Amino acid sequence: MNGLQLMVLVQGLKLEIKTWETGHRLQLTRESSLHALKRLTGEDFGRGLRARQRALAWLEDVAEANGIALRK
């Protein structure tokens, strides 16, 4: 996974988490960011809001380990 993919997935997960909490469950693309992450990495975080939060934390750790700066 390259830096651009990582940043897009982080932004997508943040949007999905934000809208999930308001009850609208919006996603940027046809495929959810959680499913795209599983497809790209093979990591399974489960389903739902907590899975998205775990995936976001995991992606932020990966970005930090690889020296990729994410905007907060």
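Look at the alpha carbon pairs under 8 Å that are at least 6 residues apart: their mean separation over the length of the chain gives a relative contact order of 34 percent.
Can you tell me the orientation of helix 48-65 relative to the chain, as the angle in degrees between its alpha-carbon axis and the longest Cα principal axis, to the nearest 10? That works out to roughly 10 degrees.
Taking Cα centre as origin and charging only the Cβ of basic (Lys, Arg, +1) and acidic (Asp, Glu, -1) residues, the dipole magnitude of the chain rounds to 260 debye.
What's the longest uninterrupted piece of the chain once you rule out the GluC sites (Glu not before Pro) that are loop residues per DSSP with at most 15 other Cβ within 10 Å?
The reported range is 1-30.
Of V8, A55, W20, which is farthest along the charge dipole of the chain in the positive direction, counting Lys and Arg as +1 and Asp and Glu as -1 at C-beta? The Cα lying farthest towards the positive end belongs to W20.
Helical runs (DSSP H, four residues minimum) scored at -39500 (n - 2.57) apiece and divided by the length of the chain put the mean residue ellipticity at 222 nm at -21500 deg cm²/dmol. Here the Debye sum runs over all C-alpha atoms of the stretch 3-65 as equal scatterers in vacuum, and log10 of I(q)/I(0) at q = 0.13, 0.14, 0.27 Å⁻¹ comes out as -0.29, -0.33, -1.27.
Here, each number is a calculation from the coordinates, and none is a lab measurement. No experiment lies behind these values; they were computed from the predicted model shown. Glycine gets a Cβ as well: all are built from the backbone with ideal geometry, and neighbour counts include every protein chain shown.
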